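Following: one structure in structure tokens, then a few remarks.
Since every read-out is calculated from the coordinates, none of them should be taken as a lab result. Nothing here was measured: the structure is a model prediction, and the numbers come from that model. Quick reminder, even Gly has a Cβ in these numbers, built from the backbone with ideal geometry, and neighbours come from all protein chains shown.
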Amino acid sequence: MNVENSLNLRSLTLEDEDWFYRLTCHIGMSDFSFPLLCAYRKRLDVKYVRLNERTALIMQNNAYGKRCITIIGEINRAVIKEVMALGIMEFSYVSKKQLPLFISIEGTKWDITCDRDFSDYIYNLDEFLHPSKKARKQYNHFKKHHHTKLVEMTRENWEDSYHVYQSWTKTHSDLSVFGDQMEIYRQMREVIGHPGIMGVILYEEEIPISFRLVEKKEVMVISHFAINRVPIRGMTRVVAHDFFSQFQNKVEWINLSEDIGNLGLRQFKKQLHPRFLLHKYTLRLRAYKEDDLKNEN
């Protein structure tokens with residue numbers, strides 16, 4: 001049986017924002033951000049079905065083109081069993097906190113894998129804003145030698161960030177793991193100005209040289225895009241520090257997303273001293289007893 005054909009799946013649209021946010025406002029993973037999924041919805045063929053008012057299934061392609069299914073919202077053993085009864089035996093983007101729910105289902109044995117390249121880097125905001133002496137030196141050096149202005153991103157000046165991205169992609173085609181990166185970023189313009197979606201653009205002599213686009217959730221800010229036109233020591237720290245300062249006393253954590261296996265990105269994000277990595281697990285059912293799955297406790 002083709003599970004996808006048997007489900008009443010719908011394509012994700014901008015009209016789905018309210019209910020989607022309610023189901024994901026506590027999820028810290030960078031992947032389950034409404035604006036990001038909307039931007040990638042065509043490339044990744046993102047679809048969903050709502051199981052009830054508090055739970056939904058999201059189906060999408062991953063970076064390698066594999067079809068993935070994830071439960072979002074309120075998850076418990078009964079919900080997992082309900083989904084498995086539909087014939088779904090593999091789940092992606094499962095958090096460490098959710099693992100015991102799957103493992104504890106009687107009659108099941110799971111193969112569990114984790115792709116380190118797609119683990120999110122999580123930082124404590126206060127620690128991030130008070131970095132090492134070396135980081136402060138880079139920050140001060142940039143401020144001293146570059147006369148810049150940090151401006152809020154709007155739909156009116158969004159094109160400036162697009163031009164920065166265009167310049168960046170000419171020398172970073174190796175990071176375009178999802179294909180046409182520019183076309184995907186163009187889709188982000190649709191959500192600029194939506195609640196929680198915030199960005200800044202850094203200008204030097206009226207020329208845009210850097211930008212960052214984030215989403216504010218209940219206890220965390222998720223950084224989706226951070227691009228510099230050209231590499232200048234200290235610039236990324238300046239944009240991040242000055243932008244994230246506004247979130248003090250509002251959120252506790254910053255998610256700078258994954259490093260997608262790029263060694264340069266990995267080294268840089270490690271140097272920022274993450275508090276922990278948010279791993280994403282894939283669970284594949286290896287064996288089960290149908291009678292146990294049918295019995296609800």
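Among Ile103, Ile227, sorting on how many other beta-carbon atoms sit within 10 Å of each Cβ, with the fewest leading, yields Ile103, Ile227. Of Cys68, Cys38, the sequence from fewest to most neighbouring Cβ atoms within 10 angstrom is Cys68, Cys38. Checking the cross-link pairs Lys96/Lys143; Lys66/Lys134; Lys144/Lys269 against a 32 Å limit on the alpha carbon distance flags Lys96/Lys143; Lys66/Lys134 as lying beyond it. Residue-wise HN-Hα couplings along the stretch 124-132, as the Karplus relation 6.51 cos²θ - 1.76 cosθ + 1.60 with θ = phi - 60° gives them from phi, are 6, 4, 4, 5, 5, 7, 10, x, 5 Hz; Gly and Pro carry x. What shape does the stretch 120-278 take by its C-alpha gyration tensor, where a ≥ b ≥ c are the square roots of the eigenvalues and a/c under 1.5 counts as rounded, a/b above b/c as prolate, and the rest as oblate? Since a/c stays below 1.5, the shape of the stretch 120-278 is classed as rounded.
Rounded to the nearest 500 deg cm²/dmol, what is the calculated helix-only ellipticity per residue at 222 nm for the chain, with -39500 (n - 2.57) per DSSP H run of length n ≥ 4? All intermediate terms of the calculation are to be shown ahead of the outcome.
Numbers: 12 runs with 93 residues, N = 297.
The helix-only estimate for the chain comes to -8500 deg cm²/dmol at 222 nm.
Semi-axes of the equivalent ellipsoid for the stretch 60-112, computed as √(5λ) from the eigenvalues of its C-alpha gyration tensor and ordered from largest down, come to 19, 12, 12 Å.
This ranking places Asp18, Asp242, Asp259 by how few other beta-carbon atoms lie within 10 Å of each, fewest first, which gives Asp18, Asp242, Asp259. Taking 0.36 nm per residue of separation and subtracting the Cα-Cα distance, full extension of the segment from Arg54 to Leu129 would add 23.5 nm. Pairs over the 32 Å Cα-Cα cut-off, from the set Lys47/Lys97; Lys81/Lys217; Lys97/Lys149: Lys97/Lys149. Summarising the strand pairing of the stretch 120-278, around 90 percent of its internal DSSP beta bridges are antiparallel.
Below 8 Å, C-alpha to C-alpha, sequence gap of six or more: please give me the relative contact order for the stretch 120-278 in percent. Intermediate results must be reported in sequence, preceding the final value.
Numbers: 233 pairs, mean separation 60.0, N = 159.
Dividing the mean separation by the residue count of the stretch 120-278 yields 38 percent.
For a modelled paramagnetic label at Lys96, 7 Å from Cα along Cα-to-Cβ, the residues of the stretch 251-289 in reach, with backbone nitrogen under 12 Å, are 275-281. Over the chain, the fraction of Cα-Cα pairs per 10 Å bin, rounded to whole percents and listed from the shortest bin up, is 6, 26, 34, 21, 10, 3, 0, 0.
What is the dipole size for the chain, taken about its Cα centre, with +1 at each Lys and Arg Cβ and -1 at each Asp and Glu Cβ, in debye to the nearest 20?
On the way: 43 positive and 39 negative charges, 216 e Å.
Charge dipole of the chain: 1040 debye, to the nearest 20.
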